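Asks: Mind looking over this structure? Questions follow.
The values are calculated or read from the model by the stated rules, or taken from the named source; none is laboratory data. Quantities reported herein were computed from a predicted structural model and do not represent experimental measurements. Because the Cβ atoms are built from the backbone with ideal geometry, glycine has one as well, and the counts that use them run over all protein chains shown.
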Amino acid sequence: MRAIRLSRAGGPEVLELQEVETPVPGPGQILIRHEAIGLNFIDIYQRTGLYPLSFPTGLGLEGAGIVEAIGDGVTRFSVGDQAAYGTGAIGAYAEAHVVDAGRAVRVPADVPLKTAAAVMLKGMTSEFLARRVFHVKQGDAVLVHAAAGGVGLILCQWLHSLGATVIGTVGDASKANIARAHGSGHVILYKTENIAARVRTLTDGLGCAVVYDSVGRDTLESSLASLRRRGLLVSFGNASGPVPPIEPLRLSRGGSLFLTRPTLFDYVATTEELDESASALFAMIQSAAIKVEIGQTFRLDQVREAHEALAGRQTTGSTLLIP
């Protein structure tokens, strides 16, 4: 089969398409023949070395397809089932991939496999952010950076469904229109507007109960300045670079603020948690409360171009590789 392999960390040029042996599932594992593979910013962090890997390695944590073979002891799946995963094992950038059965979920018949590949990691991230990191309730003002991005579009819809007042930041007018169509009641153009000042205006001076920040270094100060007293900053990404160290007194002076740096892996650590999160996500898709936008697709041999587009914030919605 064809697969993307890396021998070192670096830019998109380190991504190499190779012919490799199709893996065989061991005990407790399944082999999924991919219909689509999801791209995520964590892939870029791993490729560049921000999140270290052991080389040589594959790349990618998310995919969906048909179960082609099962290992000994597997009872969760049968050959021919629709299946998807969003938390590895690493190596999804391939025509097929072996994953532990306890880290994959069955995809409902009425959810397309391309949709599942586009939404597993981003959708379950949105689930734990909106429902478990902070219990968003009706009337809460919330700020979502990169509101037209892969997680942003899903998260804003989820928050809107909970009755929150959603404020999204985007880079240009076209992305603003996309964000408004997906749950953002208010949109801030971060390149030309003062984010914190606009938030204060929109919230009658109070600020937001929670800020969801996947951008990182460039938005840290505006995120903190947009919070209400005792508000929570959820830093869950580094699109612009890692967040610099923060003095605890900065949180105190901002109004006894809270800061957390969560990761999806700790919120779907068990198979039971994974099933619950995925079930909630699929239910939102089936009810049409969330519409999954696949903004762009690339062939597996176009993976370098895909990474350049994602890193350059030139994408909207989810990005897929098609094997």
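Asks: Return the residues of the range 130-149 that are under 15 Å from Gly163 (Cα atoms) and assigned to a helix (DSSP H, G or I); say none if nothing qualifies.
Replies: Ala130, Arg131
Asks: In the range 93-141, how many are in contact with a Ser or Thr (Cβ under 7 Å, 6 or more places away or on another chain) and aromatic (Phe, Trp, Tyr)?
Replies: Result for the range 93-141: 1.
Asks: Any residue that is free of Cβ contacts under 8 Å to residues at least 12 places away in the same chain, polar (S, T, N, Q) and over 18 Å from Gly152 (Cβ atoms) - is there at least one of those in the range 201-220? Working first, answer last.
Replies: Within the range 201-220, the subset free of Cβ contacts under 8 Å to residues at least 12 places away in the same chain is 201, 204-205.
Next, from what is left, pick out any that are polar (S, T, N, Q): 201.
With over 18 Å from Gly152 (Cβ atoms) added as a condition, the list becomes 201.
Yes, some residue in the range 201-220 is free of Cβ contacts under 8 Å to residues at least 12 places away in the same chain, polar (S, T, N, Q) and over 18 Å from Gly152 (Cβ atoms).
Asks: Hey, another quick one. Given the condition at positive phi and not in a helix (DSSP H, G or I), answer yes or no: does some residue in the range 284-295 qualify?
Replies: As a first pass, look at the range 284-295 and keep what is at positive phi: 288.
Next, from what is left, pick out any that are not in a helix (DSSP H, G or I): 288.
Scanning the range 284-295 turns up at least one residue that is at positive phi and not in a helix (DSSP H, G or I).
Asks: Looking at Ala278 and the list (1) assigned to a helix (DSSP H, G or I); (2) modelled with pLDDT under 95, which single condition is not satisfied?
Replies: (2)
Asks: What's the number of the only condition in (1) in contact (Cβ under 8 Å) with a residue 24 or more places away in the chain; (2) surrounded by fewer than 20 Cβ atoms within 10 Å (Cβ to Cβ) that Ser78 fails to meet?
Replies: (1)
Asks: Shifting gears a bit: Can you tell me which residues in the range 1-32 are under 27 Å from Gly317 (Cα atoms) and out of contact with any His (no Cβ under 9 Å at 6 or more places or on another chain)? Break it down into steps so the answer makes sense when it comes.
Replies: The first filter runs over the range 1-32 and keeps only residues under 27 Å from Gly317 (Cα atoms), leaving 2-6, 9-17, 32.
Those that are under 27 Å from Gly317 (Cα atoms) and out of contact with any His (no Cβ under 9 Å at 6 or more places or on another chain): Arg2, Ile4, Arg5, Leu6, Ala9, Gly10, Glu13, Val14, Glu16, Leu17.
Asks: May I ask you to list the residues in the range 276-310 that are in contact with a helix residue (DSSP H, G or I) (Cβ under 6 Å, 6 or more places away or on another chain), surrounded by fewer than 16 Cβ atoms within 10 Å (Cβ to Cβ) and over 28 Å from Leu17 (Cα atoms)? Give the derivation first.
Replies: Here is the first cut: in the range 276-310, the residues in contact with a helix residue (DSSP H, G or I) (Cβ under 6 Å, 6 or more places away or on another chain) are 277, 280-281, 289-290, 292-294, 298, 304, 307-308.
Now drop any that are not surrounded by fewer than 16 Cβ atoms within 10 Å (Cβ to Cβ), which leaves 289, 308.
The answer is Ala289, and nothing else.
Asks: Something else now. Only one residue in Ala96, Ala92, Ala101 is outside the structural domain of Gly183 (by TED's automatic domain parsing), in contact (Cβ under 8 Å) with a residue 60 or more places away in the chain, out of contact with any helix residue (DSSP H, G or I) (no Cβ under 8 Å at 6 or more places or on another chain) and within 23 Å of Asp266 (Cβ to Cβ), so which one is that?
Replies: That would be Ala101, the only listed residue that is outside the structural domain of Gly183 (by TED's automatic domain parsing), in contact (Cβ under 8 Å) with a residue 60 or more places away in the chain, out of contact with any helix residue (DSSP H, G or I) (no Cβ under 8 Å at 6 or more places or on another chain) and within 23 Å of Asp266 (Cβ to Cβ).
Asks: Scan (1) at pLDDT 95 or above; (2) under 26 Å from Val20 (Cβ atoms) for the single condition Gly88 breaks and write down its number.
Replies: Tallying (1) at pLDDT 95 or above; (2) under 26 Å from Val20 (Cβ atoms), Gly88 fails exactly one: (1).
Asks: I would also like to ask the following. Can you list residue pairs whose Cβ atoms sit under 6 Å apart, with the first residue in the range 275-293 being farther than 14 Å from Phe128 by Cβ and the second being in a helix (DSSP H, G or I) and basic (Lys, Arg)? Count only pairs 6 or more apart in sequence or on different chains.
Replies: none
Asks: In the range 38-67, what residues are surrounded by fewer than 17 Cβ atoms within 10 Å (Cβ to Cβ) and assigned to a strand (DSSP E or B)?
Replies: Answer for the range 38-67, where residues must be surrounded by fewer than 17 Cβ atoms within 10 Å (Cβ to Cβ) and assigned to a strand (DSSP E or B): just Thr57.
Asks: Which number in (1) among the small types (Gly, Ala, Ser); (2) in a helix (DSSP H, G or I); (3) crowded, with 19+ Cβ neighbours inside 10 Å marks the one condition that Gly102 misses?
Replies: Exception for Gly102: condition (3).
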